[in-house]
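I have placed the structure first, in the form of structure tokens, so that the comments after it can refer back to it.
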Amino acid sequence: MTAQDFLSANKDRFLDELFDLLRIPSISADPDYKDDVIRCAESVADHLRKAGADRVEVMQTPGYPVVYGERLVDPALPTVLVYGHYDVQPPDPLDLWTSPAFEPVIRKTELHPEGAIFARGACDDKGQMFMHVKALEAMVQAGDQPVNLKFIIEGEEEVGSDHLEEFLIQNKELLAADVVLISDTGIIANDVPSITTGLRGLCYTEVKVTGPNRDLHSGLYGGAAPNPINILCEMVASLKDDQQRITVPGFYDKVIELSAEEREAMAEAPFSEEDYKASIGIGDTEGEKAYSAPERMSIRPTLDVNGIWGGYMGEGAKTVIASEASAKISMRLVPDQDPDEITDLFKAHFESLCPKSCTVDVTIMQGGYPAVTPIDHPGYRAAAAAMEATFGRKPVPCRGGGSIPIVTHFETVLGLKTVLMGFGLDSDAIHSPDEHYGVFNYFKGIETIPLFHARFAEFHAG
């Protein structure tokens with residue numbers, strides 16, 4: 001029996017077990033769900049044990065625990081460290097879900113005619129993480145595990161992985177490996193496989209503008225008293241010029257510009273701007289004029305307002321000048337931007353924009369470095385060979401627009417490159433209502449992962 005035979009015979013059970021995991025509301029950002037997050041960690045550990053891991057521990061951190069597992073078969077073989085996360089984003093706004101966020105169901109969609117699993121965490125990252133657990137089980141049952149395997153599944157990815165770097169430092173010997181394998185990214189389409197070769201970094205801030213010492217009657221005070229909401233909007237609007245370039249001084253100083261050849265290679269990936277606009281219901285795209293939409297979403301840095309609030313937001317009218325206004329602002333970074341440097345530059349610039357009539361506070365919330373894995377790395381070559389075998393065509397290398405903060409720490413602390421072999425689609429609505437993950441993609445991942453391990457063992461030996 002092969003691993004593929006075992007997968008084919010156990011598809012219903014593999015779906016049922018994923019559904020059980022998806023029902024746990026492991027929302028790391030909300031303390032009200034602390035018990036559920038911990039329960040999810042224990043569930044992941046239990047699944048690893050049942051899959052055949054010889055050693056499994058739920059290891060405590062100052063935050064949520066890390067689930068560690070391993071199955072070591074031969075010290076002469078290379079070791080793959082599999083990373084994933086069991087925490088999920090909050091499901092809000094709940095009224096935009098077609099079905100409850102933590103009651104998984106399968107429904108057909110245009111891009112997933114065979115059905116997609118609708119639930120928070122279906123794609124990001126429980127469904128993709130669980131593929132590796134099921135791939136381990138399939139290899140164990142087939143008696144064919146070509147590499148040593150270690151697993152590190154954390155519960156704080158969605159809140160910045162604040163404690164994972166220290167965890168790596170403290171457990172450096174335990175986590176020794178030859179490559180890191182992550183499935184927390186996607187492919188271009190189900191008939192166009194791709195491998196993410198780079199990720200953008202991240203700076204996340206919260207800003208607050210404070211004016212008068214209390215909310216004021218806009219008729220009595222309007223025209224003379226500062227309005228923090230107006231002022232905040234003006235400050236935010238000034239952060240980009242008419243060419244959509246970010247105006248923070250020094251922001252672009254360390255950005256590495258890709259060569260014309262590299263940009264031409266990227267352009268070979270199929271992309272329809274009309275289909276893209278239609279898929280999210282917009283009339284046109286935005287961004288730096290000298291770059292294409294795919295380039296703006298991958299190789300260029302960005303600055304976005306993720307939330308803004310202040311004043312009266314209830315039903316009806318209330319003529320008030322609010323005392324304060326706030327916003328959350330994130331910046332996606334590209335090589336070689338340093339998140340600490342960018343944070344300092346942004347803070348200094350944003351503070352300089354505030355008029356004397358108000359005060360401004362800038363709170364730093366998260367940060368992460370950009371990362372790149374070269375396509376001649378044995379891990380990338382193994383992923384490309386495995387995906388070509390299961391998809392029937394060679395995957396396209398591409399840069400990802402998102403951030404996985406721990407990827408840089410794997411390189412700086414453990415000295416390991418990371419292979420980003422994900423199977424989701426951009427349309428899977430991660431972080432949004434109606435998040436989903438294709439049944440095809442789930443099983444294609446379980447089918448491909450054992451082939452990655454086999455090819456990596458070959459390329460590493462050669």
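The values are calculated or read from the model by the stated rules, or taken from the named source; none is laboratory data. Predicted model, so just to flag it, every value in this text is computed and none were measured. With ideal geometry, Cβ positions are generated from the backbone for all residues, glycine too; neighbour counts draw on all protein chains shown.
E158 meets the stated requirement of being out of contact with any helix residue (DSSP H, G or I) (no Cβ under 8 Å at 6 or more places or on another chain), within 30 Å of P397 (Cβ to Cβ) and either outside the structural domain of C123 (by TED's automatic domain parsing) or not aliphatic (A, V, I, L, M) (or both).
Per the conditions (1) out of contact with any strand residue (DSSP E or B) (no Cβ under 7 Å at 6 or more places or on another chain); (2) farther than 21 Å from I406 by Cα, the sole criterion not satisfied by D336 is (2).
Residues of segment 303-357 that are among the hydroxyl-bearing types (S, T, Y) and closer than 26 Å to F251 by Cβ: S326, S330, T343, S352. Looking at segment 208-218, can you tell me whether even one residue there is of a type in the set (V, I, T) and within 25 Å of D336 (Cα to Cα)? No: zero hits. Filtered by the rule that a residue be outside any loop (DSSP other than H, G, I, E, B) and in contact with a Ser or Thr (Cβ under 6 Å, 6 or more places away or on another chain), segment 183-198 gives T196, T197. Looking at G379, G401, G422, G438, just one residue is at pLDDT below 90, touching a strand residue (DSSP E or B) at 6+ places or on another chain (Cβ under 8 Å), in the same structural domain as I153 (by TED's automatic domain parsing) and of a type outside the set (D, E, K, R), and that residue is G401.
Of the residues L18, L48, which single one is surrounded by 22 or more Cβ atoms within 10 Å (Cβ to Cβ), among the hydrophobic types (A, V, I, L, M, F, W, C) and in contact with a Leu (Cβ under 9 Å, 6 or more places away or on another chain)?
Matching residue, one of L18, L48: L48.
Every residue in segment 49-83 that is over 19 Å from E166 (Cβ atoms) and under 23 Å from the mean Cα position of the chain (by Cα), please. Full working, then the answer.
Let us first name the residues in segment 49-83 that are over 19 Å from E166 (Cβ atoms), namely 49-56, 69-80, 82.
Those that are over 19 Å from E166 (Cβ atoms) and under 23 Å from the mean Cα position of the chain (by Cα): G69, V80, V82.
With the condition kept exactly as written, say whether any residue in segment 283-305 is part of a strand (DSSP E or B) and aliphatic (A, V, I, L, M). Scanning segment 283-305 turns up at least one residue that is part of a strand (DSSP E or B) and aliphatic (A, V, I, L, M).
For P355, the conditions (1) surrounded by 17 or more Cβ atoms within 10 Å (Cβ to Cβ); (2) under 17 Å from V236 (Cα atoms); (3) over 17 Å from the mean Cα position of the chain (by Cα); (4) of a type outside the set (K, R) are fulfilled apart from (1).
Against the numbered list (1) basic (K, R); (2) assigned by TED's automatic domain parsing to the domain that holds G222; (3) farther than 21 Å from Y369 by Cα; (4) within 24 Å of the chain's Cα centre (by Cα), K277 comes up short only at (2). What are the residues in segment 238-262 that are surrounded by fewer than 14 Cβ atoms within 10 Å (Cβ to Cβ), under 27 Å from the mean Cα position of the chain (by Cα), of a type outside the set (S, T, Y) and over 15 Å from R399 (Cβ atoms), if any? Across segment 238-262, the qualifying residues are G250, D253. Of A53, A3, all but one fail to be more than 17 Å from Y86 (Cβ to Cβ), touching a residue at least 24 places away in the same chain (Cβ under 8 Å) and buried (at least 19 other Cβ atoms within 10 Å of the Cβ); the exception is A3.
Out of segment 336-378, which residues are of a type in the set (D, E) and not in a helix (DSSP H, G or I)? Break it down stepwise before answering.
Pass one, segment 336-378, residues of a type in the set (D, E): 336, 338, 340-341, 344, 351, 361, 376.
Hits for segment 336-378 are D336, D338, D361, D376.
Only one entry in T408, T412 is without any contact (Cβ under 8 Å) to a residue 24 or more places away in the chain, assigned by TED's automatic domain parsing to the domain that holds S427 and outside any strand (DSSP E or B), namely T412. In this structure, does M387 turn out to be surrounded by 22 or more Cβ atoms within 10 Å (Cβ to Cβ) and in the same structural domain as A225 (by TED's automatic domain parsing)? In short, no.
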